[in-house]
1. Nearest 500 deg cm²/dmol is fine: what mean residue ellipticity at 222 nm does the chain get from its DSSP H runs of n ≥ 4 alone, each adding -39,500 (n - 2.57), divided by its residue count?
2. I need the shape label for the chain. Rule: rounded when a/c is under 1.5, else prolate if a/b > b/c, else oblate, with a, b, c from the alpha carbon gyration tensor.
3. May I ask you to give the solvent-accessible area per residue for the chain, in square angstrom, as obtained with a 1.4 angstrom probe?
4. Given R₀ = 51 Å, FRET efficiency for Asn136-Phe52 by Cβ-Cβ distance, to 0.05?
5. Projected onto the charge dipole of the chain (+1 at Lys/Arg Cβ, -1 at Asp/Glu Cβ, origin at the Cα centre), which of Gly174, Ala146, Leu193 gives the Cα projection farthest towards the positive end?
6. Which value, in debye to the nearest 20, gives the size of the charge dipole of the chain about its Cα centre, when Lys and Arg are +1 and Asp and Glu are -1 at the Cβ?
7. Sum up the lysine pairs in the chain that clear both bars: alpha-carbon distance under 24 Å and a spacing of 8 or more or different chains.
8. Please sort 5-18, 125-138 by packing, taking for each peptide the average over its residues of neighbouring beta carbons within 10 angstrom, highest first.
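The values are calculated or read from the model by the stated rules, or taken from the named source; none is laboratory data. This is a predicted model, so every value here is computed, not measured. All Cβ positions, even for glycine, are placed from backbone atoms using ideal geometry, and neighbour counts span all protein chains on display. These area figures cover heavy atoms from the full protein model, side chains too; ligands, DNA and RNA do not enter into them. Shrake-Rupley method; radii C 1.70, N 1.55, O 1.52, S 1.80 Å.
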Amino acid sequence: MKPRRISIAITVIVLIGVSVVMIFPFYWMLVSSFKPIGRIFTVPLELFPREFTLANYLKLISQTPFLRWYLNSMIITAAYVVIALFFSTLAGFGFAKYDFRGRNLLLVIVLGSMMIPLHSLVIPLFMLLIRLGWVNTYHGVVIPFAANAFGIFYITQYLTTVPSDLIDAGRIDGCSEFGIYRMIVMPLLKPALGVLTIYFAMTSWNWFLWPLVVMRDESLFPLNVGLSTFLSDYRQRYDELMAASVLCVVPIIVLFLSMQKQFVSGLTAGSVKQ
(Lines give C-alpha, C1' and ligand atoms only; values in the text may rest on other atoms or scores of the structure.)
Protein backbone atom coordinates (compact mmCIF):
# COMPACT_ATOMS: atom_id res chain seq x y z
CA MET A 1 0.00 0.00 0.00
CA LYS A 2 2.85 2.38 0.76
CA PRO A 3 4.16 2.62 -2.86
CA ARG A 4 0.58 3.26 -4.02
CA ARG A 5 0.15 6.10 -1.52
CA ILE A 6 3.44 7.61 -2.63
CA SER A 7 2.31 7.40 -6.25
CA ILE A 8 -1.01 9.09 -5.41
CA ALA A 9 0.79 11.82 -3.43
CA ILE A 10 3.19 12.51 -6.32
CA THR A 11 0.25 12.66 -8.76
CA VAL A 12 -1.61 15.13 -6.54
CA ILE A 13 1.47 17.34 -6.15
CA VAL A 14 2.07 17.37 -9.90
CA LEU A 15 -1.58 18.24 -10.60
CA ILE A 16 -1.50 21.04 -8.03
CA GLY A 17 1.68 22.41 -9.62
CA VAL A 18 0.14 22.30 -13.10
CA SER A 19 -3.02 24.00 -11.76
CA VAL A 20 -0.97 26.80 -10.22
CA VAL A 21 0.89 27.35 -13.50
CA MET A 22 -2.41 27.47 -15.42
CA ILE A 23 -4.19 29.75 -12.96
CA PHE A 24 -1.33 32.19 -12.30
CA PRO A 25 -1.74 34.27 -15.52
CA PHE A 26 -5.40 34.86 -14.65
CA TYR A 27 -4.48 35.79 -11.08
CA TRP A 28 -1.79 38.18 -12.30
CA MET A 29 -4.29 39.74 -14.73
CA LEU A 30 -6.83 40.21 -11.92
CA VAL A 31 -4.29 41.73 -9.53
CA SER A 32 -2.83 43.98 -12.22
CA SER A 33 -6.26 45.37 -13.04
CA PHE A 34 -6.27 47.03 -9.60
CA LYS A 35 -2.76 48.51 -9.90
CA PRO A 36 -1.65 51.84 -11.38
CA ILE A 37 0.06 51.32 -14.72
CA GLY A 38 3.47 52.11 -13.18
CA ARG A 39 3.16 49.20 -10.75
CA ILE A 40 2.12 46.44 -13.19
CA PHE A 41 5.60 45.47 -14.42
CA THR A 42 7.63 46.13 -11.29
CA VAL A 43 10.64 43.95 -10.50
CA PRO A 44 10.32 41.87 -8.38
CA LEU A 45 6.76 41.00 -9.37
CA GLU A 46 4.07 42.20 -6.95
CA LEU A 47 1.68 39.35 -6.21
CA PHE A 48 -0.49 41.66 -4.13
CA PRO A 49 -1.20 45.30 -5.10
CA ARG A 50 0.42 47.82 -2.77
CA GLU A 51 -1.67 50.59 -4.26
CA PHE A 52 -5.21 49.30 -4.71
CA THR A 53 -7.25 51.39 -7.15
CA LEU A 54 -10.44 51.17 -9.20
CA ALA A 55 -9.28 53.93 -11.53
CA ASN A 56 -8.53 51.45 -14.33
CA TYR A 57 -12.15 50.27 -14.44
CA LEU A 58 -13.57 53.79 -14.14
CA LYS A 59 -11.29 55.06 -16.91
CA LEU A 60 -12.15 52.05 -19.09
CA ILE A 61 -15.88 52.68 -18.85
CA SER A 62 -15.84 56.47 -18.99
CA GLN A 63 -13.15 57.13 -21.61
CA THR A 64 -13.62 54.28 -24.08
CA PRO A 65 -16.64 52.71 -25.86
CA PHE A 66 -16.03 49.53 -23.85
CA LEU A 67 -19.67 49.00 -22.87
CA ARG A 68 -20.67 49.28 -26.54
CA TRP A 69 -18.03 46.74 -27.51
CA TYR A 70 -19.28 44.49 -24.71
CA LEU A 71 -22.83 44.73 -26.04
CA ASN A 72 -21.62 43.98 -29.58
CA SER A 73 -19.88 40.82 -28.40
CA MET A 74 -22.96 39.74 -26.47
CA ILE A 75 -25.19 40.23 -29.53
CA ILE A 76 -22.81 38.40 -31.87
CA THR A 77 -22.27 35.54 -29.42
CA ALA A 78 -25.97 35.09 -28.63
CA ALA A 79 -26.94 35.17 -32.31
CA TYR A 80 -24.19 32.76 -33.31
CA VAL A 81 -25.00 30.27 -30.54
CA VAL A 82 -28.70 30.17 -31.41
CA ILE A 83 -28.22 29.92 -35.18
CA ALA A 84 -25.33 27.43 -34.97
CA LEU A 85 -27.26 25.21 -32.55
CA PHE A 86 -30.26 25.19 -34.90
CA PHE A 87 -28.26 24.24 -37.98
CA SER A 88 -26.08 21.72 -36.11
CA THR A 89 -29.01 19.88 -34.56
CA LEU A 90 -31.06 19.93 -37.75
CA ALA A 91 -28.20 18.69 -39.95
CA GLY A 92 -27.04 16.19 -37.31
CA PHE A 93 -30.56 14.79 -37.06
CA GLY A 94 -30.67 14.37 -40.82
CA PHE A 95 -27.30 12.62 -41.02
CA ALA A 96 -27.99 10.33 -38.07
CA LYS A 97 -31.59 9.27 -38.69
CA TYR A 98 -32.24 9.56 -42.42
CA ASP A 99 -30.90 7.18 -45.04
CA PHE A 100 -30.36 8.98 -48.35
CA ARG A 101 -28.00 8.68 -51.29
CA GLY A 102 -24.64 10.35 -50.73
CA ARG A 103 -25.09 10.71 -46.97
CA ASN A 104 -21.63 9.42 -46.06
CA LEU A 105 -19.98 11.47 -48.80
CA LEU A 106 -21.73 14.62 -47.60
CA LEU A 107 -20.66 13.96 -44.03
CA VAL A 108 -17.06 13.49 -45.17
CA ILE A 109 -17.24 16.81 -47.04
CA VAL A 110 -18.58 18.53 -43.91
CA LEU A 111 -15.76 17.08 -41.81
CA GLY A 112 -13.22 17.96 -44.51
CA SER A 113 -14.27 21.61 -44.30
CA MET A 114 -12.77 21.69 -40.80
CA MET A 115 -9.33 21.32 -42.39
CA ILE A 116 -9.67 24.52 -44.42
CA PRO A 117 -7.90 27.40 -42.59
CA LEU A 118 -9.86 30.59 -42.04
CA HIS A 119 -7.13 32.70 -43.65
CA SER A 120 -7.75 31.06 -47.04
CA LEU A 121 -11.47 31.92 -46.83
CA VAL A 122 -11.22 35.55 -45.78
CA ILE A 123 -10.88 37.10 -49.26
CA PRO A 124 -13.66 35.13 -51.06
CA LEU A 125 -16.02 35.50 -48.09
CA PHE A 126 -15.35 39.24 -47.89
CA MET A 127 -16.03 39.64 -51.61
CA LEU A 128 -19.31 37.79 -51.11
CA LEU A 129 -20.25 40.07 -48.21
CA ILE A 130 -19.58 43.14 -50.39
CA ARG A 131 -22.01 41.83 -53.02
CA LEU A 132 -24.63 41.09 -50.36
CA GLY A 133 -24.14 44.44 -48.65
CA TRP A 134 -23.33 42.75 -45.33
CA VAL A 135 -20.05 44.54 -44.60
CA ASN A 136 -20.05 46.33 -41.24
CA THR A 137 -23.07 44.35 -39.98
CA TYR A 138 -23.68 41.80 -37.26
CA HIS A 139 -25.04 39.19 -39.66
CA GLY A 140 -21.97 39.63 -41.83
CA VAL A 141 -19.94 38.29 -38.90
CA VAL A 142 -22.34 35.54 -37.82
CA ILE A 143 -23.96 33.99 -40.91
CA PRO A 144 -20.86 32.80 -42.88
CA PHE A 145 -19.89 30.39 -40.06
CA ALA A 146 -23.36 29.49 -38.77
CA ALA A 147 -23.18 25.91 -40.11
CA ASN A 148 -20.46 24.61 -37.79
CA ALA A 149 -18.86 21.36 -38.99
CA PHE A 150 -17.85 20.22 -35.51
CA GLY A 151 -21.36 20.83 -34.19
CA ILE A 152 -22.92 18.83 -37.02
CA PHE A 153 -20.51 15.93 -36.48
CA TYR A 154 -21.00 15.97 -32.69
CA ILE A 155 -24.80 15.91 -32.95
CA THR A 156 -24.63 13.18 -35.60
CA GLN A 157 -22.54 10.97 -33.34
CA TYR A 158 -24.70 11.75 -30.31
CA LEU A 159 -27.94 10.83 -32.10
CA THR A 160 -26.58 7.50 -33.26
CA THR A 161 -26.98 6.38 -29.61
CA VAL A 162 -30.68 7.35 -29.63
CA PRO A 163 -33.01 4.44 -30.59
CA SER A 164 -34.73 4.97 -33.92
CA ASP A 165 -37.86 3.38 -32.43
CA LEU A 166 -38.62 6.66 -30.67
CA ILE A 167 -38.70 8.49 -33.99
CA ASP A 168 -40.79 5.75 -35.62
CA ALA A 169 -43.24 5.97 -32.74
CA GLY A 170 -43.59 9.69 -33.37
CA ARG A 171 -44.37 9.04 -37.05
CA ILE A 172 -46.97 6.43 -36.11
CA ASP A 173 -48.64 8.97 -33.82
CA GLY A 174 -48.92 11.34 -36.78
CA CYS A 175 -46.15 13.74 -35.86
CA SER A 176 -44.53 15.68 -38.71
CA GLU A 177 -40.80 15.40 -39.38
CA PHE A 178 -40.13 18.85 -37.96
CA GLY A 179 -42.42 17.99 -35.05
CA ILE A 180 -40.30 14.91 -34.35
CA TYR A 181 -37.21 17.12 -34.39
CA ARG A 182 -38.78 19.69 -32.07
CA MET A 183 -40.68 17.48 -29.60
CA ILE A 184 -38.67 14.24 -29.53
CA VAL A 185 -35.11 14.91 -30.67
CA MET A 186 -34.47 18.28 -29.04
CA PRO A 187 -35.36 17.15 -25.47
CA LEU A 188 -32.99 14.20 -25.89
CA LEU A 189 -30.21 16.54 -26.96
CA LYS A 190 -30.07 18.64 -23.77
CA PRO A 191 -26.65 17.32 -22.62
CA ALA A 192 -25.20 17.76 -26.12
CA LEU A 193 -26.69 21.24 -26.38
CA GLY A 194 -24.93 22.16 -23.13
CA VAL A 195 -21.57 21.13 -24.59
CA LEU A 196 -22.13 22.93 -27.88
CA THR A 197 -23.49 26.06 -26.21
CA ILE A 198 -20.26 26.48 -24.28
CA TYR A 199 -18.16 25.59 -27.32
CA PHE A 200 -20.00 27.98 -29.67
CA ALA A 201 -20.03 30.77 -27.08
CA MET A 202 -16.28 30.50 -26.52
CA THR A 203 -15.66 30.36 -30.27
CA SER A 204 -17.68 33.47 -31.11
CA TRP A 205 -16.62 35.39 -27.98
CA ASN A 206 -12.95 34.92 -28.95
CA TRP A 207 -13.35 35.85 -32.62
CA PHE A 208 -10.81 38.41 -33.79
CA LEU A 209 -9.70 38.09 -37.41
CA TRP A 210 -13.12 37.82 -39.07
CA PRO A 211 -14.79 40.69 -37.14
CA LEU A 212 -11.64 42.76 -37.78
CA VAL A 213 -12.15 42.23 -41.53
CA VAL A 214 -15.93 42.77 -41.56
CA MET A 215 -16.41 45.68 -39.16
CA ARG A 216 -15.48 49.21 -40.21
CA ASP A 217 -17.25 51.36 -37.62
CA GLU A 218 -15.56 51.46 -34.20
CA SER A 219 -18.96 51.46 -32.50
CA LEU A 220 -19.63 48.01 -33.99
CA PHE A 221 -16.33 46.43 -32.87
CA PRO A 222 -16.62 43.36 -30.65
CA LEU A 223 -14.43 43.22 -27.55
CA ASN A 224 -11.35 41.55 -29.03
CA VAL A 225 -11.14 43.99 -31.92
CA GLY A 226 -11.79 46.96 -29.65
CA LEU A 227 -9.19 45.92 -27.10
CA SER A 228 -6.55 45.64 -29.81
CA THR A 229 -6.75 49.42 -30.15
CA PHE A 230 -5.32 49.76 -26.62
CA LEU A 231 -1.91 48.71 -27.94
CA SER A 232 -0.17 50.94 -30.46
CA ASP A 233 3.32 52.01 -31.46
CA TYR A 234 3.04 55.12 -29.30
CA ARG A 235 1.19 53.98 -26.18
CA GLN A 236 0.39 50.70 -24.47
CA ARG A 237 -2.62 51.07 -22.18
CA TYR A 238 -1.95 47.98 -20.07
CA ASP A 239 -3.90 49.31 -17.08
CA GLU A 240 -7.17 49.52 -19.03
CA LEU A 241 -6.34 46.35 -20.95
CA MET A 242 -6.01 44.32 -17.73
CA ALA A 243 -9.29 45.67 -16.39
CA ALA A 244 -11.02 44.94 -19.69
CA SER A 245 -9.58 41.43 -19.85
CA VAL A 246 -10.97 40.63 -16.39
CA LEU A 247 -14.43 41.75 -17.47
CA CYS A 248 -14.11 39.79 -20.72
CA VAL A 249 -13.67 36.41 -19.05
CA VAL A 250 -16.63 36.85 -16.66
CA PRO A 251 -19.43 35.85 -19.12
CA ILE A 252 -17.68 32.63 -20.17
CA ILE A 253 -17.01 31.66 -16.54
CA VAL A 254 -20.64 32.35 -15.61
CA LEU A 255 -21.87 30.38 -18.64
CA PHE A 256 -19.69 27.39 -17.79
CA LEU A 257 -20.68 27.37 -14.10
CA SER A 258 -24.37 27.60 -15.00
CA MET A 259 -24.15 24.74 -17.55
CA GLN A 260 -21.42 22.54 -16.10
CA LYS A 261 -23.87 19.73 -15.29
CA GLN A 262 -25.03 19.54 -18.92
CA PHE A 263 -21.44 19.94 -20.09
CA VAL A 264 -20.17 16.98 -18.06
CA SER A 265 -23.12 14.76 -18.92
CA GLY A 266 -22.76 15.67 -22.59
CA LEU A 267 -19.07 14.77 -22.62
CA THR A 268 -19.64 11.44 -20.86
CA ALA A 269 -22.67 10.48 -22.96
CA GLY A 270 -22.02 7.20 -24.67
CA SER A 271 -19.02 6.34 -22.50
CA VAL A 272 -21.12 3.85 -20.56
CA LYS A 273 -22.86 1.15 -22.53
CA GLN A 274 -26.61 1.07 -21.88
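1. Numbers: 13 runs with 180 residues, N = 274.
Helix contribution divided over all residues of the chain: -21000 deg cm²/dmol.
2. Values: a/c = 2.47, a/b = 1.38, b/c = 1.80.
Judged from the Cα gyration tensor, the chain comes out oblate (a/c at least 1.5, b/c at or above a/b).
3. Working: 16520 Å² over 274 residues.
For the chain, the solvent-accessible area averages 60 Å² per residue.
4. Working: r = 41 Å, r/R0 = 0.79.
Approximately 0.80, to the nearest 0.05.
5. Leu193
6. On the way: 20 positive and 12 negative charges, 123 e Å.
That gives the chain a dipole magnitude of about 580 debye.
7. Numbers: Lys35/Lys59; Lys97/Lys190; Lys97/Lys273; Lys190/Lys261; Lys190/Lys273; Lys261/Lys273.
Step by step, the pairs that qualify in the chain add up to 6.
8. Details: 5-18: 9.9, 125-138: 14.1.
In descending order of packing, they fall as 125-138, 5-18.
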